[in-house]
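Here's the structure we're looking at; comments come further down.
The values are calculated or read from the model by the stated rules, or taken from the named source; none is laboratory data. Quantities reported herein were computed from a predicted structural model and do not represent experimental measurements. Every residue, glycine among them, receives a Cβ derived from its backbone with ideal geometry; neighbour counts consider all protein chains shown.
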Ligand SMILES: Cc1cc2nc3c(=O)[nH]c(=O)nc-3n(C[C@H](O)[C@H](O)[C@H](O)COP(=O)(O)O)c2cc1C
């Protein structure tokens, strides 16, 4: 059993990564292997609508995407975590969602039945919209998205500030516990 968290911030060890690591810790406690993939420093080009993935399970764009797709495919749980950029998810995580989503959707819907959900951080506003934006992806992929004790949002601006948002951390933790619970139930 494995859960992967993809962090869509260009900032290494930033607030989104801190929140995602916190959630993964809760999942590890339940005996599930975890991996965090930061998109910081990676190249994830936008989808060009070439439609190659409609015929073959691959993307012809040469960049860092395909190995991440394979990691997502082999995982039982997927978490997408993003900071809010102008009221929205970051461009890199959106590109990853478009491309991995289209490959998966067109090649046996390979994300179907996985457990997943999203985590969002912002300085002040836009979390709810971005949370919904990320969750739409899980819905169309046929993933199971458990809830938490609040929406999975947190506050923070400067690096590390999210660590002071106790409720945000708790919400991510409780969400992660539900992810682990569901994975174990589905695998039982
Ligand atoms: C280009 C850019 C746009 C941003 N837009 C918003 C925004 O719309 N709302 C907000 O509250 N914070 C916004 N922020 C602040 C980030 O969401 C915030 O600093 C967050 O903690 C960054 O997460 P990170 O440390 O994981 O990179 C923006 C930051 C950047 C760099």
* Structure fact -> Expected output for segment 1-28 (first residue touching a residue at least 40 places away in the same chain (Cβ under 8 Å) and farther than 14 Å from residue 134 by Cβ, partner part of a helix (DSSP H, G or I) and near the ligand (Cβ under 8 Å from one of its atoms), Cβ below 7 Å, 6+ apart or cross-chain) is 15/161; 15/162; 18/162
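Does residue 45 satisfy being within 21 Å of the chain's Cα centre (by Cα) and under 19 Å from residue 24 (Cβ atoms)?
On the way: within 21 Å of the chain's Cα centre (by Cα): yes; under 19 Å from residue 24 (Cβ atoms): no.
Answer is no for this residue.
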* Subset tally (residues that are in contact with a strand residue (DSSP E or B) (Cβ under 6 Å, 6 or more places away or on another chain), under 19 Å from residue 14 (Cα atoms) and part of a loop (DSSP other than H, G, I, E, B)) for segment 134-174 -> 3
* Structure fact -> If we keep only residues of segment 88-115 that are touching a strand residue (DSSP E or B) at 6+ places or on another chain (Cβ under 9 Å) and assigned to a loop (DSSP other than H, G, I, E, B), then the residue farthest from the ligand (Cβ to nearest atom) is 113
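Okay, residues lined up against (1) modelled with pLDDT under 95; (2) more than 20 Å from residue 174 (Cβ to Cβ); (3) part of a loop (DSSP other than H, G, I, E, B):
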| position | (1), (2), (3) |
| --- | --- |
| 3 | no, no, no |
| 9 | no, yes, yes |
| 12 | no, yes, yes |
| 16 | no, no, no |
| 20 | no, no, no |
| 25 | no, no, no |
| 30 | no, no, yes |
| 34 | no, no, no |
| 45 | no, yes, yes |
* Structure fact -> Flagged pairs (Cβ under 8 angstrom, 6 or more apart or on separate chains; first in segment 153-165, farther than 20 Å from residue 128 by Cβ; second within 8 Å of the ligand (Cβ to nearest atom) and not in a loop (DSSP other than H, G, I, E, B)) are 159/15; 160/15; 160/18; 163/18
* Asked: Name the residues in segment 76-92 that are touching a helix residue (DSSP H, G or I) at 6+ places or on another chain (Cβ under 8 Å) and touching a residue at least 60 places away in the same chain (Cβ under 8 Å), would you?
  -> 76, 77, 78, 79, 80, 81, 82, 83, 89
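Within segment 73-87, count every residue that is within 22 Å of residue 11 (Cβ to Cβ) and either in a helix (DSSP H, G or I) or within 16 Å of the ligand (Cβ to nearest atom) (or both). First the steps, then the outcome.
First, pick out the residues of segment 73-87 that are within 22 Å of residue 11 (Cβ to Cβ): 78-87.
Cutting the leftovers down to either in a helix (DSSP H, G or I) or within 16 Å of the ligand (Cβ to nearest atom) (or both) gives us 79-87.
Residues in segment 73-87 being within 22 Å of residue 11 (Cβ to Cβ) and either in a helix (DSSP H, G or I) or within 16 Å of the ligand (Cβ to nearest atom) (or both): 9 in total.
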* Given the conditions (1) surrounded by 17 or more Cβ atoms within 10 Å (Cβ to Cβ); (2) more than 16 Å from the ligand (Cβ to nearest atom); (3) over 14 Å from the mean Cα position of the chain (by Cα), which single one is not true for residue 69? -> (3)
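Does residue 131 satisfy the criteria of being touching a strand residue (DSSP E or B) at 6+ places or on another chain (Cβ under 6 Å) and surrounded by fewer than 23 Cβ atoms within 10 Å (Cβ to Cβ)? Let's see the steps before the verdict.
Working: touching a strand residue (DSSP E or B) at 6+ places or on another chain (Cβ under 6 Å): yes; surrounded by fewer than 23 Cβ atoms within 10 Å (Cβ to Cβ): yes.
Considered against the rule, which asks whether it is touching a strand residue (DSSP E or B) at 6+ places or on another chain (Cβ under 6 Å) and surrounded by fewer than 23 Cβ atoms within 10 Å (Cβ to Cβ), residue 131 comes out as yes.
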